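Let me begin by presenting the structure, written as structure tokens, before commenting on it.
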Amino acid sequence: MSINADTVKHVANLARLNISDDEVESHTNQLSQILGLMDQLNSLPTDNVEPMTHAVDMLMPAREDVVVNGDSREILLNCAPDSEDGHFRVPKIIE
Amino acid sequence: MPIDPNYETVIGLEVHSQLRTKSKIFCGCPNKYGSDANTQICHVCAGFPGVLPVMNREMVNMAIKTGLAINGQIRKLSVFSRKNYFYPDSPTGYQISQYDLPIVEHGELFIDLPDEPKKRIGVTRIHMEVDAGKSIHEGIVGASWVDLNRVGTPLLEIVSEPDMRCSEDAGAYLKKLRAIVRFLDVCDGNMEEGSFRCDANVSVRRYGAEKFGTRAELKNLNSIRNVMRAIDFEVDRQIDLIESGEEVVQETRLWDANKNISRSMRSKEDAHDYRYFPEPDLPPLTIEQSQIDALNATLPELPDAMAQRFQDEMGLSEYDAGVLTACREMSTYFEEANQVVSEAGKKNAKATANWVTGELLGRLNKEGLEIDSSPVSAQNLGKLVALIQTGEISGKIAKKVFTHMFDDGGDPQTIVAEKGLKQVTDSSSITAEVEKVLEAHPDQVEQYRGGKTQILGFLVGKVMQATRGKANPAMVNTVLKEKLG
């Protein structure tokens with residue numbers, strides 16, 4: 001399986017990455033190589049192997065349903081590029 | 001209602017149900033509605049680098065309970081995924097959701113329609129996910145504001161099969177699903193506040209066609225009535241398009257409840273390219289059978305079972321049983337009132353049901369109140385029904401007493417005593433009133449005796465008027481007939 005320049009541009013756009021034409025070319029090559037490796041894996045017999053969804057072999061830890069947090073408005077608003085009247089202020093979203 | 005008999009409507013619903021946990025799904029911030037902006041947020045909510053989500057145990061329990069309540073299969077292994085999209089109210093740039101391995105699959109529920117047998121609607125899946133924050137646009141010049149309080153609110157997305165065929169089906173499905181989550185006490189089911197939100201997928205096809213038509217997704221439906229109206233509007237719109245030779249395009253449409261129309265949400269074609277992948281910050285969720293069994297043992301009596309019991313044991317109609325089990329507050333109210341009536345030695349669940357579904361709900365609706373804020377308590381309504389059953393007051397006087405109770409509070413016995421409304425069952429005083437009325441209306445008496453017996457109603461009315469409605473009407477009838485002989 002290979003990947004073309006249009007797919008790379010499309011994925012970059014979805015990820016909001018601004019990449020140059022040179023980068024499109026090198027990413028196309030690199031991603032195609034990675035997909036080539038996937039093809040190799042696909043050629044292996046995996047009928048009796050459980051699909052893996054996580055790299056670390058552990059189970060989901062869970063916490064009790066108690067409130068221990070939440071009162072950090074000023075700290076978090078101070079980290080934001082802009083804020084106003086208790087809100088994060090962002091460029092106008094609606095057209 | 002079939003809008004055009006040549007077409008069949010196909011509807012599937014997606015419901016987002018906010019769970020009533022104390023804390024959020026992945027952090028220890030409070031999970032509540034209506035606080036000042038950004039006063040229940042932490043670094044996890046704000047999507048700071050390096051923070052990790054930690055699963056709320058109660059969220060999983062609530063999801064399992066909901067799954068069991070709709071006869072769903074609980075997956076022993078389920079996996080969280082990232083749904084990637086950019087929007088300012090989601091600071092991480094992705095939503096943690098479930099994709100190919102949701103916690104519940106293959107459920108069902110049964111909807112109640114007037115004069116029709118119960119209909120089965122499949123529930124494809126229920127998955128767990130986080131809610132996003134809120135953007136505020138109105139009244140802000142040159143910018144938008146973001147409130148992250150809602151980020152991390154635990155959500156169940158409940159997806160139905162495309163099993164509904166008209167807007168009434170959809171309305172009945174939502175009512176039943178809302179009753180179930182309310183009985184389970186996992187969600188308050190408030191559509192206006194957005195704790196129970198519905199998107200509708202609607203398509204039409206010619207009868208007999210095998211393939212579904214192209215569907216539109218309807219959003220911004222904040223009441224059951226709006227869901228039904230939006231569906232009817234959409235079905236008309238799609239049939240008109242097809243009939244005029246045009247094509248239905250797959251799109252998302254926003255419902256405008258003020259204008260009763262929907263409009264297309266112009267969206268970029270790649271808006272649905274979410275590039276899901278397994279969430280690296282959360283290992284798979286495993287569930288033991290013992291946990292499922294333990295939760296199953298805690299399930300309360302659910303609406304369908306309770307409605308059946310009301311019919312079997314109390315002789316209520318299917319319709320009344322359905323109304324009285326629409327939510328837990330309603331069924332609790334009815335059962336408490338009915339208990340009072342039974343204790344007065346006058347078992348009459350039907351009369352109690354009539355008072356709750358008729359007089360009480362009628363007045364509550366008029367005032368825009370919910371059952372749990374009723375000015376008339378269940379105990380007092382029960383006492384009122386008991387007073388009618390024991391013959392102390394007539395049904396007509398009871399309505400007056402009820403109005404007093406609703407407007408000024410108080411218990412019915414006191415109101416009856418204070419206002420002197422007790423039914424007159426003393427035959428000598430009734431006889432006296434009857435004699436007075438007969439004397440005052442000699443013409444009518446003559447007409448009656450001449451064979452015009454329907455005049456009796458007029459005379460009964462005069463006696464009731466003279467006693468200000470307090471005379472026992474059956475006794476008035478008997479005495480009148482006697483005297484007119």
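A short reminder: the numbers here are calculations on the coordinates, not readings from a lab. This is a predicted model, so every value here is computed, not measured. Every residue, glycine among them, receives a Cβ derived from its backbone with ideal geometry; neighbour counts consider all protein chains shown.
Only loop residues by DSSP count here, and only those with at most 16 other Cβ atoms within 10 Å; note down the trypsin sites (Lys or Arg not before Pro) in the range B:169-271 that meet that. Provide the component values of the computation, followed by the final result.
Details: sites: B:175, B:176, B:178, B:182, B:197, B:205, B:206, B:211, B:215, B:219, B:225, B:229, B:237, B:253, B:259, B:263, B:266, B:268; in loops: B:211, B:215, B:259, B:266, B:268.
Filter output for the range B:169-271: B:211, B:259, B:266, B:268.
Which value results when the Cα radius of gyration for chain B is divided by 2.2 N^0.38 Å?
On the way: Rg = 29.3 Å, N = 485, 2.2 N^0.38 = 23.1 Å.
Compactness ratio reported: 1.27.
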Q. Counting only residues 5 or more places away or on other chains, whose amide H sits under 5 Å from the amide H of residue A:63 once H atoms are built in the peptide plane?
A. B:55, B:56, B:57
Q: Could you give the size of the charge dipole of chain B about its Cα centre, using +1 on the Cβ of each K and R and -1 on the Cβ of each D and E, expressed in debye and rounded to the nearest 20?
A: 900
Q) So how far, in whole Å, is the C-alpha centre of the range B:87-122 from the one of the range B:426-477? A) 63
Q. Which links in B:422/B:483; B:419/B:462; B:24/B:83; B:22/B:347 stretch past 30 Å when you go from one Cα to the other?
A. B:22/B:347
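Filter the chymotrypsin sites (Phe, Trp or Tyr not before Pro) in the range B:1-69 down to the DSSP loop ones having no more than 14 other Cβ atoms within 10 Å, then list what survives. Mind dumping the intermediate values first?
Details: sites: B:7, B:26, B:33; in loops: B:26, B:33.
Filter output for the range B:1-69: B:33.
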Q: For chain B, find the longest principal axis of its Cα atoms and tell me its angle to the long axis of helix B:427-440, 0 to 90°, nearest 10.
A: 70
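Place the peptides B:40-49, B:139-148 in order of packing, highest mean first, counting for every residue the other Cβ atoms within 10 Å and averaging per peptide.
Values: B:40-49: 20.0, B:139-148: 16.5.
Output ranking for B:40-49, B:139-148: B:40-49, B:139-148.
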Q.
Below 8 Å between Cα atoms, with a sequence gap of 6+, how large is the relative contact order for the range B:7-295 in percent?
A. 24
Q. How much of the calculated P(r) for the range B:301-418 lies past 21 Å, in percent of all Cα pairs?
A. 33
Q) In chain A, which trypsin sites (Lys or Arg not before Pro) fall in coil by DSSP and have 14 or fewer other Cβ atoms within 10 Å? A) A:16, A:92
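Dipole of the range B:427-484, Cα-centred, from +1 at each Lys and Arg C-beta and -1 at each Asp and Glu C-beta, to the nearest 20 debye?
Working: 8 positive and 6 negative charges, 36 e Å.
My answer is approximately 180 debye.
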Q: Starting from 0 in steps of 20 Å, tell me what percent of the Cα-Cα pairs of the protein assembly as shown lands in each bin.
A: 16, 39, 28, 12, 4, 1
**Q.** the range B:427-484, Rg to Rh (Cα coordinates; Rh as Kirkwood inverse mean 1/r)
**A.** 0.93
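In peptide A:51-59, how many Cβ atoms from other protein chains are near each Cβ within 10 Å, on average?
On the way: counts 4, 2, 14, 9, 3, 2, 2, 2, 5.
Mean shielding count: 5.
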Q) Angle, helix B:395-408 long axis vs. longest principal axis of chain B, Cα atoms, 0 to 90°, nearest 10? A) 50
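Shape call for chain A from the C-alpha gyration tensor, a ≥ b ≥ c root eigenvalues: rounded (a/c under 1.5), prolate (a/b greater than b/c) or oblate? Before the final figure, lay out each step's value.
Details: a/c = 3.95, a/b = 1.37, b/c = 2.89.
Cα axes put chain A in the oblate bin.
Is the shape of the range B:7-295 rounded, prolate or oblate, going by the alpha carbon gyration tensor and its root eigenvalues a ≥ b ≥ c, with a/c under 1.5 for rounded and a/b larger than b/c for prolate? List each step's numbers first, then the result.
Numbers: a/c = 1.74, a/b = 1.26, b/c = 1.37.
The shape class here is oblate.
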Q. Which residue, chosen from B:196, B:177, B:423, occupies the Cα position most advanced towards the positive end of the dipole of the protein assembly as shown, where the dipole is computed from +1 (Lys, Arg) and -1 (Asp, Glu) charges on Cβ about the Cα centre?
A. B:423
Q) Which value at 222 nm does chain B reach when only helices count, each DSSP H run of 4 or more adding -39,500 (n - 2.57), with the total divided by all residues and rounded to the nearest 500 deg cm²/dmol? A) -12000 deg cm²/dmol
Q) Between residue B:207 and residue A:14, what is the spin-label point distance in nm, taking each point 7 Å from the Cα along the Cα→C-beta axis? A) 4.3
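Would you tell me the mean number of C-beta atoms belonging to other protein chains that fall within 10 Å of each C-beta in B:49-56, as a whole number?
2
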Q | Unit charges on C-beta of K, R, D, E only; dipole of the protein assembly as shown, Debye | A | 2200
Q) When you count, for each residue, the other Cβ atoms within 10 Å and take the mean per peptide, how do B:384-395, B:111-122 rank with the highest first? A) B:384-395, B:111-122
Q. Tilt of helix B:473-484 relative to the longest C-alpha principal axis of chain B, in degrees (0 to 90, nearest 10)?
A. 30
Q) Residues of A:72-81, mean number of Cβ from any other protein chain within 10 Å of their own Cβ, rounded to a whole number? A) 4
